[in-house]
Each structure stands twice: as structure tokens, then as C-alpha cells.
Amino acid sequence: PQSSKLYQNYPNPFNPVTKIEYDLAEDGYVSLTVYDVTGRKVAELENRKIQAGSHSIDFDGSRLTSGVYYYTLRVGKDAQTKKMIMIK
């Protein structure tokens, strides 16, 4: 990949599992975190050094209530956030 990029989860809305994909332009420390609408962290999906390339991770929201959630990818000083909807 030419640049780091966070993609929209699929499916969206989801119940209870969705896939989150992202690209990394270079090796680096990655944090991928899910937050509720109040900004409270509800899941930490990645928190480690990852090699450059395309990556995906499944997020299981079965323990969460229906609603809007945000997921944020942090790579170095950059951060990207997307919105997803959980429907039970």
C-alpha cells in the first residue's frame, strides 16, 4: 500500500460479528480500538507492532448493546476513525 488506510467495516450494520480492514504503508506500532458513543473504550483489537501490508480483523460485538460505535486506527502520529452500527 502507498499509505495507511482504514476501511469501513463490513457488514455494517452488523450482528454480532463484523470485519475491519486496514492497510499499512510501512511497519509500525498499531492501535485499533473500539469506542461507544460516550467515548468509552469497549474493545482493543490491536496494540502491537505490525508489518506493512493489508490486514483484517473480526470484531465480535456479541457482549455489546445495540447502538453506534466508533473504531480508531492509530499508526504513529496519524489516526483514522470510522463509525459502525450494532443491531441486535
Expected output is a single nm value to one decimal: the length gained when fully extending between ASN12 and THR81, i.e. 0.36 nm times separation in residues minus the C-alpha distance. What is it?
23.4 nm
Would you count, across the chain, every pair of lysines whose alpha carbons are under 15 angstrom apart, provided the pair is eight or more residues apart or spans two chains?
9
Could you tell me the accessible area of THR81 in Å² (1.4 Å probe, neighbours in place), rounded to the nearest ten?
80 Å²
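The values are calculated or read from the model by the stated rules, or taken from the named source; none is laboratory data. Model, not experiment: these values are computed from the prediction. Heads up: the accessible areas ignore ligands, DNA and RNA and are worked out on the full protein's heavy atoms, side chains in. Shrake-Rupley method; radii C 1.70, N 1.55, O 1.52, S 1.80 Å.
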